[in-house]
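Asks: Dropping the structure in here first, questions after.
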Amino acid sequence: MVLADGRVVCASPDGVVRIDGENSVDDGGELFEGATGSMGTLGVGTLFEVEFLQVDRGRRGAFVELQYTSVGSVDDAIKIFRLGRAPEPKVVFMDAIMCSKSFGVVVLGRLSDGE
(Lines give C-alpha, C1' and ligand atoms only; values in the text may rest on other atoms or scores of the structure.)
Protein backbone atom coordinates (compact mmCIF):
# COMPACT_ATOMS: atom_id res chain seq x y z
CA MET A 1 0.00 0.00 0.00
CA VAL A 2 1.31 3.46 -0.87
CA LEU A 3 0.36 6.10 1.72
CA ALA A 4 -0.34 9.75 0.94
CA ASP A 5 3.16 10.76 2.11
CA GLY A 6 4.72 8.30 -0.37
CA ARG A 7 5.73 5.63 2.12
CA VAL A 8 5.26 2.05 0.98
CA VAL A 9 3.83 -0.16 3.71
CA CYS A 10 2.69 -3.75 4.02
CA ALA A 11 -0.28 -4.14 6.37
CA SER A 12 -1.36 -7.50 7.75
CA PRO A 13 -4.29 -8.76 9.82
CA ASP A 14 -1.96 -9.65 12.70
CA GLY A 15 -1.16 -5.94 13.11
CA VAL A 16 2.43 -5.88 11.85
CA VAL A 17 3.03 -3.04 9.40
CA ARG A 18 6.31 -3.14 7.48
CA ILE A 19 7.40 0.32 6.34
CA ASP A 20 9.56 0.57 3.20
CA GLY A 21 10.47 -3.11 3.61
CA GLU A 22 12.55 -2.49 6.74
CA ASN A 23 11.06 -1.07 9.92
CA SER A 24 8.08 -2.76 11.53
CA VAL A 25 5.44 -1.41 13.87
CA ASP A 26 2.44 -3.07 15.47
CA ASP A 27 -0.78 -1.11 14.92
CA GLY A 28 -3.09 -3.85 16.19
CA GLY A 29 -4.41 -4.45 12.68
CA GLU A 30 -5.95 -0.98 12.35
CA LEU A 31 -4.46 -0.17 8.93
CA PHE A 32 -5.33 -3.59 7.52
CA GLU A 33 -8.93 -3.45 8.79
CA GLY A 34 -9.35 0.26 8.02
CA ALA A 35 -8.12 -0.04 4.45
CA THR A 36 -10.93 -2.47 3.66
CA GLY A 37 -13.60 -0.34 2.07
CA SER A 38 -11.76 2.95 2.62
CA MET A 39 -11.99 3.61 -1.12
CA GLY A 40 -8.40 4.85 -1.25
CA THR A 41 -8.62 7.41 1.55
CA LEU A 42 -5.89 5.67 3.59
CA GLY A 43 -3.67 4.85 0.65
CA VAL A 44 -3.55 2.98 -2.63
CA GLY A 45 -3.43 -0.80 -2.55
CA THR A 46 -0.83 -2.09 -5.01
CA LEU A 47 -0.43 -5.77 -4.13
CA PHE A 48 -2.88 -8.13 -2.44
CA GLU A 49 -2.70 -11.67 -1.13
CA VAL A 50 -6.11 -13.29 -1.49
CA GLU A 51 -7.36 -16.53 0.02
CA PHE A 52 -10.27 -18.17 -1.79
CA LEU A 53 -12.79 -20.26 0.10
CA GLN A 54 -14.99 -23.05 -1.23
CA VAL A 55 -18.64 -21.93 -1.27
CA ASP A 56 -21.59 -24.25 -0.80
CA ARG A 57 -24.09 -22.52 -3.10
CA GLY A 58 -27.08 -24.12 -1.39
CA ARG A 59 -26.14 -22.90 2.07
CA ARG A 60 -27.73 -19.76 3.49
CA GLY A 61 -25.10 -17.10 3.96
CA ALA A 62 -22.74 -18.29 1.27
CA PHE A 63 -22.82 -14.79 -0.24
CA VAL A 64 -23.02 -11.21 0.98
CA GLU A 65 -25.62 -8.99 -0.70
CA LEU A 66 -24.60 -5.31 -0.68
CA GLN A 67 -26.99 -2.37 -0.53
CA TYR A 68 -25.61 1.07 -1.49
CA THR A 69 -27.53 4.11 -0.23
CA SER A 70 -26.64 7.71 -1.04
CA VAL A 71 -26.90 10.17 1.85
CA GLY A 72 -27.00 13.95 2.08
CA SER A 73 -25.29 14.38 5.46
CA VAL A 74 -23.36 12.64 8.21
CA ASP A 75 -26.56 12.58 10.28
CA ASP A 76 -28.33 10.67 7.46
CA ALA A 77 -25.47 8.16 7.37
CA ILE A 78 -25.67 7.64 11.14
CA LYS A 79 -29.43 7.01 10.90
CA ILE A 80 -28.83 4.27 8.31
CA PHE A 81 -26.11 2.70 10.46
CA ARG A 82 -28.52 2.61 13.40
CA LEU A 83 -31.23 0.99 11.22
CA GLY A 84 -28.63 -1.52 10.02
CA ARG A 85 -28.32 -2.84 13.55
CA ALA A 86 -31.93 -4.08 13.44
CA PRO A 87 -32.16 -7.85 14.04
CA GLU A 88 -33.65 -8.92 10.65
CA PRO A 89 -32.42 -9.15 8.04
CA LYS A 90 -29.12 -9.19 9.85
CA VAL A 91 -26.47 -6.77 8.59
CA VAL A 92 -22.99 -8.32 8.75
CA PHE A 93 -21.07 -5.51 7.06
CA MET A 94 -21.35 -1.71 7.28
CA ASP A 95 -19.20 0.93 5.62
CA ALA A 96 -19.59 4.54 4.55
CA ILE A 97 -17.70 7.36 2.89
CA MET A 98 -18.58 11.04 2.86
CA CYS A 99 -17.33 12.64 -0.36
CA SER A 100 -18.43 16.09 0.80
CA LYS A 101 -20.58 17.63 3.55
CA SER A 102 -23.67 16.98 1.47
CA PHE A 103 -22.94 13.70 -0.33
CA GLY A 104 -21.92 10.27 0.81
CA VAL A 105 -22.63 6.57 0.40
CA VAL A 106 -23.48 3.97 3.02
CA VAL A 107 -22.93 0.29 2.24
CA LEU A 108 -24.79 -2.42 4.17
CA GLY A 109 -24.12 -6.13 3.64
CA ARG A 110 -26.45 -9.00 4.49
CA LEU A 111 -25.89 -12.75 4.19
CA SER A 112 -27.59 -14.26 1.14
CA ASP A 113 -27.92 -17.59 -0.64
CA GLY A 114 -27.09 -15.90 -3.95
CA GLU A 115 -30.63 -15.81 -5.32
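The values are calculated or read from the model by the stated rules, or taken from the named source; none is laboratory data. The structure presented is a predicted model; accordingly, all values stated were derived computationally and were not measured. Backbone-built Cβ (ideal geometry, glycine too); neighbour counts: all protein chains shown. We work out accessible area using only protein heavy atoms, side chains counted, and drop any ligands, DNA or RNA first. Shrake-Rupley method; radii C 1.70, N 1.55, O 1.52, S 1.80 Å.
Asks: Kindly state, to the nearest 0.05, the FRET efficiency for Val74 paired with Val2, given R0 = 25 Å and r defined as their beta-carbon distance.
Replies: Numbers: r = 28 Å, r/R0 = 1.12.
Computed FRET efficiency for Val74 and Val2: 0.35.
Asks: If you stretched the chain out fully between Met39 and Asp27, how much longer would it get, using 0.36 nm times the residue separation minus the C-alpha to C-alpha distance?
Replies: Gain on stretching Met39 to Asp27: 2.3 nm.
Asks: At 0.36 nm per residue, minus the direct Cα-Cα distance, what do Met94 and Ser112 gain on full extension? Give it in nm, one decimal, please.
Replies: Difference between extended and current length: 5.0 nm.
Asks: How large is the accessible surface of Cys99 in square angstrom, using a 1.4 angstrom probe and rounding to the nearest 10?
Replies: Roughly 90 Å² of Cys99 is accessible to a 1.4 Å probe.
Asks: In addition: Karplus couplings for region 27-33 from phi (6.51 cos²θ - 1.76 cosθ + 1.60, θ = phi - 60°), rounded to Hz, Gly and Pro as x?
Replies: Values, residue by residue: 9, x, x, 5, 5, 4, 5 Hz.
Asks: About the Cα centre of region 4-53, what is the dipole size in debye to 20, counting +1 per Lys and Arg Cβ and -1 per Asp and Glu Cβ, all else neutral?
Replies: 180
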